[in-house]
Amino acid sequence: MSSVTFPPQFPQTLGTNYGYDNVVPPFYLNGAQITANLAAFPSLPIALYNTLEIRLWIAGLSGSDTVLIQFNGDTGNNYWSRNVSMTAASALNTNVEVPSTSGINLGIALTKGMFVRLFVGNFATQPKTVSGVGSIGTGAAGTIGVPLQIAGEWENTTAQISSVLVKLAGANTILTGSSIQIFGGV
């Protein structure tokens, strides 16, 4: 039995049946929902489009860890990321910069749920710039969560993104029910 389910392909079928240019972008390219605790989502292949939108919902983690995103199976230090967050009970922003790393960090270390929405420029001859917003939950109505601003880049100027992998930086697992959806546009 698989530990991943793939959502119905209705939007993908629309594009196939009526032409992708006839479906108002962004339209669904691929996605998955994990059905058992895993260290990473499966690597998801996608069609080549100049802009991508990635929606990621993490139900929680088995221990404190950082979520990373990688493109086209590139695990080298070909990425940078910058995250700005405001922790509870603080009026000060926290700025975390990570140069020359093996993936784009999606926020700060967490254990609770997180939702992130990323926008990606995906032109073959340009670095792949990522911009996003998100929030980390607390699991308690009396405790304020953490808002996130995310920026990063994959320093590849020879290929468009054709696969997306979301994984953890450490040895923990992503909890059951977490999901990812990838959309593309012109």
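Volume per residue of the convex hull around the Cα atoms, evaluated for region 30-99, comes out as 149 Å³.
Among Phe119, Phe71, Phe41, sorting on how many other beta-carbon atoms sit within 10 Å of each Cβ, with the fewest leading, yields Phe119, Phe41, Phe71.
Shown here: region 115-186, whose C-alpha atoms stretch 47, 24, 22 Å along the first, second and third principal axes, sorted largest to smallest. Charge tally around Lys128: other residues with Cβ under 11 Å, Lys/Arg +1 each, Asp/Glu -1 each, net -3. Here region 57-176 is described by how far its Cα atoms reach on the three principal axes: 48, 31, 20 Å, from widest to narrowest. Based on C-alpha pairs under 8 angstrom that are at least 6 apart in sequence, region 37-186 has a relative contact order of 41 percent.
No lab work stands behind these numbers, since they all come straight from the coordinates. Quick caveat: nothing in here was measured; it's all calculated off a predicted structure. When we count neighbours, we look across all protein chains shown, and the Cβ atoms used for this are built from the backbone with ideal geometry, even at glycine.
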